[in-house]
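The structure appears right after this line, and notes come after that.
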Amino acid sequence: MTRAPLFNSPLLLGFDRVERLLDRVARSSSDGYPPYNVEQTGEESLRITLAVAGFREEDLSITLEDNQLVVRGRQQEDDGSRLFLHRGIAARQFQRGFVLAEGIEVTGAELDSGLLHIDLARPKPQATARQIHIRRAADLPRQVFRGKGSGSV
């Protein structure tokens with residue numbers, strides 16, 4: 001099933017990257033594990049908190065791939081020395097991705113009481129305006145096109 005492009009208007013130029021990001025978000029895992037919060041901690045700061053009970057610092061990795069923050073967790077395999085009568089706490093691996101806006105920076109991460117906190121900084125956007133110079137066509141060099149049949153090589 002193909003979907004219609006969101007940004008197919010001729011007035012929306014250069015939004016193909018945004019559309020690819022939206023596709024990436026739609027494809028990301030809807031598993032719901034691990035649960036997470038995203039909170040605004042200041043005017044230009046955010047915090048992602050993931051519930052990663054049972055994972056140690058060495059079981060977790062955080063990477064920034066293009067504009068996607070990827071958190072992975074993989075617990076060490078059980079050596080078989082324990083005999084479980086009931087196993088309700090799953091030892092499973094996970095991968096959770098977050099697409100970050102342009103300019104957002106990861107400032108740090110901390111594991112505290114089974115919660116992984118990832119701090120982000122969102123700098124204020126700079127308002128920019130610039131004047132575009134318009135040249136006269138008479139001042140531009142003329143290009144001569146010599147196609148087939150013009151007698152030139």
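Below are the figures for this structure:
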{"item": "Residue within the range 114-135 that is free of Cβ contacts under 8 Å to residues at least 12 places away in the same chain and outside any loop (DSSP other than H, G, I, E, B) present", "result": "no"}
{"item": "Filter result for G80 (small (G, A, S), at pLDDT below 90, closer than 30 Å to V52 by Cα and surrounded by fewer than 10 Cβ atoms within 10 Å (Cβ to Cβ))", "result": "yes"}
{"item": "The range 67-87, residues that are within 17 Å of P35 (Cα to Cα) and either part of a strand (DSSP E or B) or of a type in the set (G, A, S) (or both)", "result": "L69, V70, V71, R72, G73"}
{"item": "Filter result (surrounded by 11 or more Cβ atoms within 10 Å (Cβ to Cβ) and either of a type in the set (A, V, I, L, M) or within 16 Å of E57 (Cβ to Cβ) (or both)) within the range 68-77", "result": "L69, V70, V71, R72, G73, R74, Q75"}
{"item": "Top-ranked residue of the range 83-100 - restricted to ones that are at pLDDT 85 or above and surrounded by 10 or more Cβ atoms within 10 Å (Cβ to Cβ), ranked as nearest to the chain's Cα centre (by Cα)", "result": "V99"}
{"item": "Qualifying residue in the range 61-72 (condition: charged (D, E, K, R), more than 25 Å from R20 (Cα to Cα) and within 23 Å of the chain's Cα centre (by Cα))", "result": "no"}
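The values are calculated or read from the model by the stated rules, or taken from the named source; none is laboratory data. Note that this is a predicted model, so its numbers are computed, not measured. Glycine gets a Cβ as well: all are built from the backbone with ideal geometry, and neighbour counts include every protein chain shown.
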